Amino acid sequence: MTTIDQQILTGERALFKSSNLFIKNSVFADGESPLKESNNIDIINSIFKWKYPLWYSKDIRLNNSTLLETARSGIWYTHQISVSDCVIEAPKTFRRSSGIRLSNVNFPNAQETLWNCKVIYMNHVTARGDYFGMNSEEVRIENLALTGNYAFDGAKNIEIRNARLISKDAFWNCENVTVYDSHIIGEYLGWNSKNLTFINCTIESNQGMCYVDRLVIENGTILNTDLAFEYSTIQVESKTTIDSVKNPISGKIIAKDIGEIITDDEKIITSDTLYELSKVGECSVS
């Protein structure tokens, strides 16, 4: 394996179609696509300053490095890549890529990041930006802190553990999502999705979880959530009071209490939804 150490690399396609390189302490300055079509590359303690650094690449290991904001759209059509202990300031990173492993990575500008990617594992990732993870599949996440709306729109086969998501319209149009031991804050959570499960989660969502086919909440803490579950099939267990529920299609809700049950659609068979309340208070039906 050839070593490149403490180099300033400039010009378009500076290391085009390179293979079997160990790059350390180096800076990729001006020049697009420096590592396009590369293969079997280790990169340590280096800086990327320009656009499209890793396109159509394979078997990449990136450690303790930085992609500045100007390294936008940095990793597209690349497969089998691991990124650890890095800051990726550039937006639109990862597009139509697969075999992605992210460990201790910070995305301060994660706008449109991880689109249409497959087989992703994340651990200790922090991200800020809208449309994170759109249309991605086979995603496993542990310890994610995400601030940004429309997260995971259209994604499939997702498992998330120990996350904190502040995201309006998260998990729209999804299939097969399971979230464990997490905090989710954001209105209109999970609309138009199928097989959406939250286990041991805290949820706060105005008009959350509507139009869901098979919503499951186990041991949930549901806070400040109203007009929930409209036109959804549900199995919900909440340790707290749900402010209001509107027109669920069928299923069961176990909760401390429900502030208001709204049934104003004549086509909904209200007896198809069962309610089990541990505290019978001011619950009313309108």
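For a paramagnetic label modelled on GLU260 (point 7 Å from Cα along Cα→Cβ), amide N atoms under 20 Å away belong, within the stretch 190-211, to 204-211.
Counting only protein chain heavy atoms and rolling a 1.4 Å probe, the accessible areas of SER278, SER98, SER26 rank, largest first, as SER278, SER98, SER26.
Loop-located GluC sites (Glu not before Pro) in the stretch 241-280 (DSSP state other than H, G, I, E, B) with a sparse environment of at most 10 neighbouring Cβ atoms within 10 Å: GLU266.
Figure note: HIS124, HIS79 ranked by solvent-accessible area, largest first, 1.4 Å probe, ligands and nucleic acids not counted: HIS124, HIS79. If you take all other residues with their beta carbon under 11 Å from the beta carbon of GLU37, and give Lys and Arg +1 and Asp and Glu -1, the sum is +4. Only one of [x] 51, 39, 36; [y] 71, 28, 26; [z] 51, 48, 46 was calculated from the structure for Cα extents along the principal axes in Å, and its label is [y]. The amide H of CYS174, built 1.01 Å from its N in the peptide plane, has GLY154, SER193, LYS194 as neighbours under 5 Å, considering only residues 5 or more places off or on other chains. Here the Karplus relation 6.51 cos²θ - 1.76 cosθ + 1.60, evaluated at θ = phi - 60°, turns the backbone of the stretch 35-51 into coupling constants of 10, 4, 6, 8, 8, 6, 10, 9, 10, 10, 6, 10, 10, 10, 10, 9, 5 Hz, with x for every Gly and Pro.
Counting only Cα atoms, the stretch 66-217 measures 39, 23, 21 Å along its principal axes, largest extent leading. Ignoring lysines fewer than eight residues from LYS92 along the same chain, the ones with Cα atoms less than 26 angstrom from its Cα are LYS17, LYS24, LYS36, LYS49, LYS51, LYS58, LYS118, LYS156, LYS168.
Rounded to the nearest 20 debye, the dipole magnitude of the chain is 1240 debye, with +1 charges on Lys and Arg beta carbons, -1 on Asp and Glu beta carbons, and the Cα centre as origin.
A simple count of charges around VAL83, restricted to other residues whose Cβ falls under 14 Å of its Cβ and scoring Lys, Arg +1 and Asp, Glu -1, yields -2.
For the chain, averaging the sequence separation of C-alpha pairs within contact (under 8 Å, six or more residues apart) and dividing by the residue count gives a relative contact order of 7 percent.
The count of lysine pairs in the stretch 175-285 whose Cα atoms are under 24 Å apart, excluding pairs fewer than 8 places apart on the same chain, comes to 13.
Counted by Cβ distance under 10 Å from LYS24, the other residues give a net charge of -2, where Lys and Arg count +1 and Asp and Glu count -1.
Remark: the ARG164-TYR231 segment gains 21.5 nm on full extension, using 0.36 nm per residue and subtracting the alpha carbon distance. The residues of the stretch 1-157 expose, per residue, 42 Å² of accessible area to a 1.4 Å probe. For Cα pairs less than 8 Å apart in space and 6+ apart in sequence, what is the mean separation divided by the residue count of the stretch 111-216, i.e. the relative contact order in percent? Computed value for the stretch 111-216: 18 percent relative contact order. The alpha-carbon positions of the stretch 187-235 define a convex hull whose volume is 53 Å³ per residue. As an exercise, use a Förster radius of 30 Å and the Cβ-Cβ distance of ILE199 and PHE22 to find the FRET efficiency, rounded to the nearest 0.05. It comes out at approximately 0.10. By a 1.4 Å probe calculation restricted to protein chains, VAL216 has an accessible surface near 40 Å², given to the nearest 10. Computed from label points 7 Å out along Cα-Cβ, the spacing between ASP5 and LEU277 is 7.2 nm.
Each of SER33, SER19 has its accessible area taken with a 1.4 Å probe; listed largest first, they run SER19, SER33. Split the accessible area of the chain by element, probe 1.4 Å, and carbon with sulfur accounts for 44%.
Close amide-amide hydrogen proximity is noted between ARG101 and ILE81, SER82, VAL83, TYR121, each under 5 Å apart and 5 or more residues distant or on a separate chain (H modeled in the peptide plane; Pro and chain starts excluded). Solvent-accessible area of LYS58, all protein chains in place: 110 Å² (probe radius 1.4 Å, heavy atoms, ligands and nucleic acids excluded).
Along the stretch 119-124 the Karplus relation, 6.51 cos²θ - 1.76 cosθ + 1.60 evaluated at θ = phi - 60°, assigns HN-Hα couplings of 6, 10, 10, 10, 9, 6 Hz to successive residues, with x for each Gly and Pro. ARG161 contributes an accessible area of around 80 Å² to the protein surface, as traced by a 1.4 Å probe with all chains present.
Here r is the Cβ-Cβ distance between TYR180 and THR240 and R0 is 25 Å; the resulting FRET efficiency, rounded to 0.05, is 0.85. Dividing the mean sequence gap of close Cα pairs (under 8 Å, 6+ apart) by how many residues the stretch 1-109 holds gives a relative contact order of 18 percent.
Between GLU137 and CYS117, LYS118, VAL119, LYS156, the built amide H atoms are under 5 Å apart, and every one of these is 5 or more places off in sequence or on another chain.
The values are calculated or read from the model by the stated rules, or taken from the named source; none is laboratory data. Values in this document were obtained by computation on a predicted structure and should not be read as measured data. All Cβ positions, even for glycine, are placed from backbone atoms using ideal geometry, and neighbour counts span all protein chains on display. SASA here: full protein model, heavy atoms, side chains in, ligands and nucleic acids out. Shrake-Rupley method; radii C 1.70, N 1.55, O 1.52, S 1.80 Å.
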